[in-house]
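The values are calculated or read from the model by the stated rules, or taken from the named source; none is laboratory data. This is a predicted model, so every value here is computed, not measured. Cβ atoms come from the backbone with ideal geometry, glycine included; neighbour counts cover every protein chain shown. With ligands, DNA and RNA removed, areas are computed over all heavy atoms of the protein, side chains included. Shrake-Rupley method; radii C 1.70, N 1.55, O 1.52, S 1.80 Å.
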Amino acid sequence: MAALGKIRKRGVALVIIIGLGLFAFIAEEAFRSCEATKNQQRQQIGEVLGNKINVQEFQAMVDEYQDVIKMTQGRDNFTEEELNQIKDQVWNSYINEQVIKDEAKKLGLTVTDEELQNILKEGTNPMLLQSPFVNQQTGRFDVTMLTKFLDDYKKSGTNPQLAESYQMIYKYWQFIEKQLRVQTLGQKYQALLSNCMLSNPVSAKIAFEGRNQESNILLASIPYSSINDNDIQIKESDLKAKYDEQKERYKQDVETRDIKYVDFQVVASAADRKALMQTMTDASNKLQSGANPAEVVRKAQSQFAYTGIAATKRAYPADIAAKLDSMSVGQTTAPFETTVDNTLNVVKLISKTQMPDSIEYRQIQVAGATAEAAHKTADSIYNALKAGADFDALAQKYGQTGQKQWLTSAMYENSNTMDEESKNYLNAINNLETNDLKNLEFSQGNIILQVTARKAMVDKYDVAVVKHTIDFSKGTYSDAYNKFSQFVSENKTIEDMEKNAAKFGFTVTPRAEIANSEHNVAGLRATRETMKWIFDAKEGQVSPLYECGNNDHLLVVALTKVHPVGYRTLDGVVKDLVKTQVIRDKKFEQIKSKLAGVADIAAAKAKGATIDSVNQITFTAPVFVQATGASEPALAGAVAAVKQGEFSKALVKGNGGAYLFQVLKKADHEGAKFDEKQMEQQLQMQAAQSARLFIQELYQKANVVDNRYLFF
């Protein structure tokens, strides 16, 4: 009871303590929940129709597509530019797939397993013809080959070596099957839209006439350029009115930003170039004096290795290949510069000979308990063959097929390294005549070679190349960095950057409307951090110094303007575009006033118009007018509406000027015959093409969020 009394006395304090404890527990859980949500958001690469995709999911799709390209094109790796293209293709495909699926779901469109099986049985889809299941005799996709593979795949798990290769092909097939479903669903949706736009005999006849009825005219032109822009008075109200009229043109679906930047490329100094020139001159002298070319090339740290194997010109850099035919054997060039790849070069032509580009050969590999035993066995095989023994029979005796195979120059001439044994092996194949034999000794055994055919004789060159980039030294880079760093630290505003750039020898460059879907800034590699800064900064801010490019560029960026999603405001680029339109309108009104009352070509000429004959004008093809230097669709439309012999009733407002005309002749194109059914089919095809434009409309409504720039 005493203990109960004590608890009662301290009841309020206990409630407070327990309450604080519960609050701490709830707060901790809330904090963890918020952190988890933030982490998820940080991993989101984008969003389509409210469906979020994280970086791991997107990377998996990119990896899948890379594997497909590697398999179909025999590629091992990709350049940075190719990887960027792959990522763009994957992203655009993902958006297209999500948009089509969403629309198809609303309409109840699906692709059934039965439909997919019918596509496989038909076997004509281009994707199927890229698969490994094409019958080589018929050139068609063979569904029975696919069925057999899928059955074998299930059984391949017991064989680790088979399992790996089967898994690769199986993944490739899964990709094709998925794409077939997506493609078929998209075709169904587009067919639904295109079939809503029907053609008929009347529209077919009108379309035929628009394409084939030709007009010859006398054209009176007055170009807008004949009036000075400075003579045109423009008010803000004029710009506002034109902007309101064309407002839909200036609607944007993604945020863009305007920047100004200073990019400085570090290049080799005079001292750097002098030191490299000395190295190249020494290499040239050594090659000229007969020194070992492989040693000279290696010590000079050439970008192009010397293998000692004669190769076609395509194996050498373009600047080197261009010199070979003008050089004599044994000649060594003085150092020369190639500006395209920023290198100094020295070339020695060691030999030039005619050799086959393709060689068919066969071989027997001979091994033994020791190298001596292998050599002894090889000698006996070689002597037997020289005496007339059957090559295939001997190959089979030693557990080999002796199968003939082709060796082409392209298979080896781009190799960066070549050991001595490989070099001897290739030289033997290249230099043997048809049916000649060669017994080659190697450290691990022998190879008996026989060349069976030689094709496509070409010029081959044994060339020692010393190619070295004109690099800057660490000291040169340090000096450039310090200078650029000083410029950045002393100029913290856009105004200061523009005011003082020239004093440092720099140039400020504007770049309008950069979008976060772009892969670099200022055309430079390794600018992802700069891109992240641009889309996180506020107007007027100046970035820190960035080192980018191939570690040879210094960059600083200022954010000048943010253009959010929606209608662009009447300033900057938009204002310039609107102003151009207003100037054109006012010039047209001046010309219209000048030509008021003109009723024939002679009167137009008297008012200062240029007169030209223009022939074979059709409604569907815009007219290019030499006098104004502009393509004029409006003129083509106006001519179609005027009868033969008549003068135009109204002045035509074109892109480059104002026009009056007289129709001299109207006639159908010679040889053109109206085929109603064919014309309706063409119109139906046009309708199908127009249906594809709806995808862009759906894209705009999909609320796409693209955050790839944060990750790639």
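At q = 0.12, 0.14, 0.16 Å⁻¹, what base-10 log of I(q)/I(0) does the Debye formula yield for the range 529-685 when every alpha carbon is treated as an equal point scatterer in vacuo? Values returned for q = 0.12, 0.14, 0.16 Å⁻¹ are -0.75, -0.84, -0.96. Extension gain, E248 to D392: 0.36 nm times the residue separation minus the Cα-Cα distance gives 44.1 nm. The simple spin-label model puts a point 7 Å past each Cα toward its Cβ; for E114 and T507 those points are separated by 6.7 nm.
With the whole protein complex present, L192 retains an accessible surface near 80 Å², based on a 1.4 Å probe. Considering only Cα atoms, the convex hull volume of the range 151-263 works out to 438 Å³ per residue. Projected label points at Q696 and S358, each 7 Å from Cα along the beta carbon direction, are separated by 4.6 nanometres. Using every pair of separate Cα atoms, the Kirkwood estimate puts the hydrodynamic radius of the range 462-554 at 15.5 angstrom.
Exceeding 29 Å between C-alpha atoms, which entries from my cross-link table qualify? They are K251/K579; K323/K474; K605/K643. Check vs 29 Å cut-off fails for K323/K474.
Cα convex hull, the range 478-523: 108 Å³ per residue, rounded to a whole number. Both radii come from the Cα set of the range 573-641: Rg as radius of gyration, Rh as Kirkwood radius; their ratio Rg/Rh reads 1.02. A straight Cα-to-Cα reach below 18 Å connects K121 with the lysines K148, K178, residues fewer than 8 places away in its own chain not being considered. Is the range 395-461 rounded, prolate or oblate when judged by the Cα gyration tensor, a ≥ b ≥ c being the square roots of its eigenvalues, rounded requiring a/c under 1.5 and prolate requiring a/b larger than b/c? Oblate shape, in that a/c is at least 1.5 and b/c is the bigger or equal ratio. Modelled spin labels at S631 and D102, positioned 7 Å past Cα toward Cβ, are 3.4 nm from each other. Among the protein heavy atoms, those of W533 account for about 50 Å² of accessible surface (1.4 Å probe, every chain in place).
Among T147, T332, the order of accessible area from largest down is T147, T332, computed with a 1.4 Å probe on protein heavy atoms.
Legend: distances between Cα atoms for K348/K460; K101/K154; K242/K499; pairs beyond 23 Å are K101/K154; K242/K499. At full extension, Q400 and V573 could sit 54.9 nm farther apart than now, given 0.36 nm per residue minus the alpha carbon distance.
In the chain, Rg over Rh equals 1.07, where Rg is the alpha-carbon radius of gyration and Rh the Kirkwood radius from pairwise Cα distances. Contact order for the chain, expressed relative to its length and based on alpha carbon pairs under 8 Å spaced 6+ residues apart, stands at 23 percent.
In this structure, E209 and A688 have a Cβ-Cβ separation that, at R0 = 30 Å, corresponds to a calculated FRET efficiency of about 0.85.
Database remark: amide H of A537 closer than 5 angstrom to no amide H (H placed geometrically; neighbours at sequence offset of 5 or more, or on other chains; Pro and chain starts carry no H). For the set K313/K455; K653/K701; K313/K386; K205/K666, the pairs lying more than 26 angstrom apart at their alpha carbons are K653/K701; K313/K386.
Once you order the gyration tensor axes a ≥ b ≥ c over the Cα atoms, which shape class does the range 210-337 get: rounded for a/c under 1.5, otherwise prolate or oblate by comparing a/b with b/c? Prolate. Here the translational diffusion coefficient of the range 263-320 follows from Stokes-Einstein with Rh set to the Kirkwood radius across Cα pairs; for 37 °C and 0.692 mPa s it amounts to 243 µm²/s. Leaving out same-chain residues fewer than 8 places away, which aspartates and glutamates sit with a Cα under 20 Å from that of K52? Result set, ordered by chain and number: E35, D63, E64, D88, E97, D102, E103, D253, E255, D706. Rounded to the nearest 0.05, what FRET efficiency is calculated for A672 and K605 with R0 set to 35 Å and r the Cβ-Cβ distance? Step by step, r from the Cβ atoms, then E = 0.55. All distinct Cα pairs of the range 80-200 go into the 1/r average, and the inverse of that average, the Kirkwood radius, is 16.8 Å. When K592, K348 are compared by accessible surface with a 1.4 Å probe, the order from highest to lowest is K592, K348.
The lysines whose alpha-carbon is closer than 16 Å to the alpha-carbon of K70, local same-chain residues fewer than 8 away aside, are K87, K171. Taking each residue as 0.36 nm, the span from D152 to R314 lengthens on full extension beyond its C-alpha to C-alpha distance by 54.0 nm. Pairs of alpha carbons in the range 50-95 separated by more than 16 Å make up 37% of all such pairs. Using the beta-carbon distance between K592 and A515 and R0 = 56 Å, what value does 1/(1 + (r/R0)^6) give for FRET efficiency, to the nearest 0.05? That gives a FRET efficiency of 0.90.
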